[in-house]
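Take a look at the structure below.
The values are calculated or read from the model by the stated rules, or taken from the named source; none is laboratory data. Given the structure is predicted, the values throughout are model-derived calculations rather than measurements. Here the Cβ is made from the backbone with ideal geometry for all residues, glycine too, and neighbour counts use every protein chain on show. Protein only, heavy atoms only, side chains kept; ligands, DNA and RNA dropped before computing areas. Shrake-Rupley method; radii C 1.70, N 1.55, O 1.52, S 1.80 Å.
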Amino acid sequence: MTGPADDLPPEGMGAPAPAPAAHAAGEGGLLPIDIPYGFARKHGVVITSGRADGRIAVALRDGADPRVLVEVRRHLARSFDVTIVDVPSFEKHLSDHYAMEGSAAAMAGSLAMGGDDLDFIAGDLPTAEDLLDSGDDAPAIRLINGIIAEAARQGVSDIHIEPYETGLVVRMRMDGVLTETLRMPAHVAPVVVSRVKVMARLDIAERRVPQDGRIGLTLGGKMLDVRVSTLPSRAGERVVMRILDKENAGISMDILGLTGMTDQVLRSALREPNGIILVTGPTGSGKTTTLYAGLRQLNDGSRNILTVEDPVEYAIEGVGQTQVNAKVGLTFAAGLRAILRQDPDVVMVGEIRDRETAEIAVQASLTGHLVLSTVHTNDAVGAITRMRDMKVEPFLLASTLRAVIAQRLVRRLCPDCREQIPADKSVSALLGIDEGTLIYRPHGCETCNSSGYKGRVGVFEAIRIDDTIRRMINEGGDESLIARHAFLNAPNLIAAARGLVLGGETSAEEAIRISRRETIDA
């Protein structure tokens, strides 16, 4: 339902906005006029866009008191059109409108000019419930809020705050690539770091040892979990903030990106009543996301599912999750040993990193539990060797291992600006394709921020442990023999990456980046 709000009577709420002529909408951006975020969220009204004829569109949340439009009319000092929207649509408008795009740079400027007043910034965290709903205008608070909000809006996974003698650098990792976002004077570093440590409830007086904490935030109704890690360095404390969007906890097997044989291998292994399923790959390759998708597949209410993780990244309803705490002796091994006394059907171990954890995981699978875990190796076959290196007896490994999934993440080409080119001699040799084959390369446009890439896509290889591989493991067969049999009729990592290149999903450079040279011809 829509309608005009032209002649609403004014009512007191602060000073009205400037004359209507000053309120023309910016091209494609936020309006120069606005409603304070706290007022918008509380009363259910938000500006959604500006119109070509100079009028403004306002969304009113379904169920909100329409009398709030009187105050909005007085504040804006101009007429506007009203649309009544449901609650989910209103929350999306609110999040999109107030995500403060581009505001962090301006905040950094005001922070740098703070001078001696910066010592007063690192006070108590505002009691605002929402990240954007902060009435405190202290420059450091506004800077940190702006950085996190901008990062969340752009889909950034990590924020790096790095002090050097020449200045304080803020870099953000988007689609796996770090990009410098801000550079500030060196003297603001202690204040910015202290502000982050206060938000994460860390000891701001302790600067000699690393610390870990977390910040729970909402961004326009969107739940965010920010993991904070500090590390002493020569020029001050480095801070890394990892942003975990809690909406990602709901990822399912269907949208994981597994295709063909790889998808069949994982699904069939999850149907096993017992055994070990391993997911392997480097840090940041999405191993935990894959395990969480598997847990969601199993979480049908008929199983007792328990996990021990470091840290617990996403909360899953119906799954008992335990956080490792080495300070009190709760290691992976101790946690796994404890949860086996809780009568679980499915156990997830965040990582198998030592002999004790590996042995308990094997014993758990032998006693009727399905165990999911990760191992840091370069490929799927390497996980078998890694388990043997941790002194797991070959006959036990052969009888308990059900499947191994190896994965990487490559950047996805922007579909709006990718360019088709013939593969040259060097690329064709590296990828194992014919010279002149049509592939795509990145170009850059507004949609992808001129990077040529937008988002990431998974590259997978999977090994299903059959009788032949079981016999090879038991006999101590080497990696090459196991790999030759495992990938006889299934793609390995380079073959999967090659398929993405030929399908226009990613570039040749990305496929080559995640492939070991010796596997190119496999």
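Do any GluC sites (Glu not before Pro) in region 304-338 lie in a loop, going by DSSP, with at most 12 other beta-carbon atoms within 10 Å of their beta carbon, and if so which?
Details: sites: GLU309, GLU313, GLU317; in loops: GLU313, GLU317.
Qualifying residues, ordered by number: GLU317.
Partner lysines whose Cα lies under 24 Å from the Cα of LYS454, excluding those fewer than 8 positions away in the same chain, are identified as LYS92, LYS222, LYS246, LYS287.
So for LYS425, LYS287, what's the accessible-area order with a 1.4 Å probe, most first? Working shown, then result.
Working: LYS425 145, LYS287 20 Å².
From most accessible down to least: LYS425, LYS287.
To one decimal place, what Kirkwood hydrodynamic radius in Å is obtained for region 160-228 from all pairs of distinct Cα atoms? Intermediate results must be reported in sequence, preceding the final value.
Working: mean 1/r = 0.0739 Å⁻¹.
Hydrodynamic radius (Kirkwood, Cα pairs) of region 160-228 is 13.5 Å.
Scaled to the globular estimate 2.2 N^0.38 Å, the Cα spread of region 425-508, given as radius of gyration, is 1.48. For region 278-284, the Karplus equation 6.51 cos²θ - 1.76 cosθ + 1.60, evaluated at θ = phi - 60°, returns couplings of 10, 10, 10, x, x, 4, x Hz by residue, with Gly and Pro reported as x. Length, then width, then depth: along the principal axes, the Cα atoms of region 350-409 run 35, 21, 19 Å. Take ARG388, project a point 7 Å from its Cα along the Cβ direction, then tell me which residues of region 458-487 have their backbone nitrogen under 17 Å from it. Within reach of a label on ARG388: 463-487.
Report the extension gain between ARG470 and VAL457 in nm, rounded to one decimal, defined as 0.36 nm multiplied by the number of residues separating them, less their alpha carbon distance.
Computed gain between ARG470 and VAL457 is 1.6 nm.
Annotation: region 365-475 has a Kirkwood hydrodynamic radius of 17.4 angstrom, from the mean reciprocal C-alpha pair distance. Using the Cβ-Cβ distance between LEU481 and ARG234 with R0 = 51 Å, the FRET efficiency computed as 1/(1 + (r/R0)^6) comes to roughly 0.60.
Summarise the accessible area of region 333-492 (1.4 Å probe, protein heavy atoms) by the percent that is carbon and sulfur.
Values: 3310 of 7320 Å².
C and S atoms contribute 45 percent here.
Computed from the C-beta positions of SER268 and ASP424 and an R0 of 30 Å, the FRET efficiency is 0.15 to the nearest 0.05.
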